[in-house]
Amino acid sequence: MVTGPRTLAQVSEGDLLAEIFPYFAAHDGLLIGPGDDAAVIATGGSVVATTDAMVRGRDWVDEWSTAADVATKAFTQNVADVAAMGAVPTSLLVTLVADPQTPVQWAVDFACTLGRLAQESSVAVAGGDLSSAPTGTLMVSVTALGDLGGRRPVLRSGAAPGDTVAVCGTLGRSAAGLALLQQDLGALAEVDGLRAECVAHHLRPVAPVEAGPAAAGAGATSMLDLSDGLLRDGDRIARASGVRIALDSELLRPDTDVLAQVVGGAEALECVLAGGEEHSLLATFAGALPDGWRPLGRVEVGEGVTLDGSPQAPRGWDHFAG
């Protein structure tokens, strides 16, 4: 007699798909959905495509991340990348690679959350893939497609001296949340207020997706998703555009002052400068900033990233260097 939660080893691929598919609602732009060899998606112009993978033990740990948390991160990081190109996310392809001893409920919870987020954002889940893996392995990958709606894509290479560097969204909240999680798991039940907000932003980030296409329409000269830290991602724009990104610490104070209440002053600045998984949007503008954006500095002649004139190493998250 089998006891305990069902595992993937106890169900067939077809049975698992039958449990997952109901969470992926029909969508007007999805002509042929999951069930055939490939999906068929309606498109009227240029398609933006991106993909991100998450690996247990590297991108999340089970001690504090549920399947719903992982689904939220996977969804957010992909739609944020699409938005950063100035496109509207339209559809997703999802891959699950798992140890057969993975509980079925983990896969169902993942699919339920991903499907809900997609439906709330008018994004179709078009299909994907399932694969077994060695003991202990659990990995998810999401590929997102988006529609530029006739606009030109916003690249990292368009920033020019005189542009304003701006952000839409928060800075450092995810890094502060991670720091709290790493300090004391046993105290999490007592976390509230701003601390709880930071933890929630790390576990289930929300990106200002609508701001991407709006910024493109307002003339953003460059843009990207803040996934690896302000310094590292700012350096990517600087390198691609052949310019210097000059940050002003006074303009960072709305974030550092708030986070100082959570992690202390010095750590707050480091969270803002180098904290990853924020998924706000960083962009440059030649003219007035659109609603929801705030300045962080200027684009200058030169190279790299500076803070109050002092050169900054492009620190932040790196998949291989850490």
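The values are calculated or read from the model by the stated rules, or taken from the named source; none is laboratory data. In this text, all values refer to a predicted model and were calculated from it rather than measured experimentally. Ideal geometry is used to build each Cβ from the backbone, glycine not excepted, and the neighbour counts take in all protein chains shown.
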* In the list THR143, THR135, THR164, which residue meets the criterion of being surrounded by fewer than 21 Cβ atoms within 10 Å (Cβ to Cβ), among the polar types (S, T, N, Q), in contact with a Ser or Thr (Cβ under 8 Å, 6 or more places away or on another chain) and closer than 30 Å to ILE20 by Cα? -> THR143
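Yes/no per residue for (1) surrounded by fewer than 24 Cβ atoms within 10 Å (Cβ to Cβ); (2) within 15 Å of the chain's Cα centre (by Cα); (3) at pLDDT 95 or above:
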position	(1), (2), (3)
PRO208	yes, yes, yes
ALA214	yes, no, yes
GLY219	yes, no, yes
LEU224	yes, yes, yes
LEU230	no, yes, yes
ASP233	no, yes, yes
ARG236	yes, no, yes
ARG244	yes, no, yes
* Criterion (hydroxyl-bearing (Ser, Thr, Tyr), in contact with a Lys or Arg (Cβ under 8 Å, 6 or more places away or on another chain) and either over 14 Å from HIS279 (Cα atoms) or in the same structural domain as ALA288 (by TED's automatic domain parsing) (or both)) met by exactly one of THR221, THR164, THR256 -> THR164
* To do: Tell me, yes or no, whether the stretch 69-83 has at least one residue that is under 19 Å from ASP28 (Cβ atoms) and aliphatic (A, V, I, L, M).
  => yes
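Quick one: count up the residues across the stretch 127-155 that are of a type in the set (Val, Ile, Thr) and over 21 Å from the mean Cα position of the chain (by Cα). Can you show your working first?
Going through the stretch 127-155, the residues of a type in the set (Val, Ile, Thr) turn out to be 135, 137, 140, 142-143, 154.
If we keep only those that are over 21 Å from the mean Cα position of the chain (by Cα) too, we end up with 135, 137.
Of the residues in that region, 2 qualify.
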* All but one of (1) under 19 Å from VAL206 (Cα atoms); (2) polar (S, T, N, Q); (3) in contact with a Gly (Cβ under 8 Å, 6 or more places away or on another chain) hold for THR72, so report the exception by its number. => (3)
* Structure fact -> Out of (1) under 27 Å from ASP228 (Cβ atoms); (2) more than 17 Å from the chain's Cα centre (by Cα), the one VAL108 does not meet is (1)
* To do: Identify all residues within the stretch 254-274 that are loosely packed, with under 14 Cβ neighbours inside 10 Å and within 18 Å of SER310 (Cα to Cα); write none if there are none.
  => ALA266
* Residues in the stretch 50-63: is at least one closer than 14 Å to ASP147 by Cα, in contact (Cβ under 8 Å) with a residue 12 or more places away in the chain and either surrounded by fewer than 23 Cβ atoms within 10 Å (Cβ to Cβ) or outside the structural domain of LEU117 (by TED's automatic domain parsing) (or both)? -> yes
* To do: Give the residues of the stretch 16-30 that are loosely packed, with under 13 Cβ neighbours inside 10 Å and either within 19 Å of SER131 (Cβ to Cβ) or modelled with pLDDT under 80 (or both), sorted by residue number.
  => ALA18, ALA26, ASP28
* Being without any contact (Cβ under 8 Å) to a residue 40 or more places away in the chain, of a type in the set (A, V, I, L, M, F, W, C) and assigned by TED's automatic domain parsing to the domain that holds MET54, is that true of even one residue in the stretch 171-188? -> no
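Just one of ARG244, ARG294 is among the basic types (Lys, Arg), in contact (Cβ under 8 Å) with a residue 40 or more places away in the chain, over 28 Å from ASP59 (Cβ atoms) and touching a Ser or Thr at 6+ places or on another chain (Cβ under 7 Å); which is it? Spell out how you get there, then give the answer.
On the way: ARG294 fails: touching a Ser or Thr at 6+ places or on another chain (Cβ under 7 Å).
Criteria check complete, one pass: ARG244.
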* To do: Confirm whether ALA80 is over 14 Å from the mean Cα position of the chain (by Cα) and assigned to a helix (DSSP H, G or I).
  => no
* Quick one: which of VAL104, VAL140, VAL199 is over 22 Å from PRO290 (Cα atoms) and touching a strand residue (DSSP E or B) at 6+ places or on another chain (Cβ under 6 Å)? -> VAL140
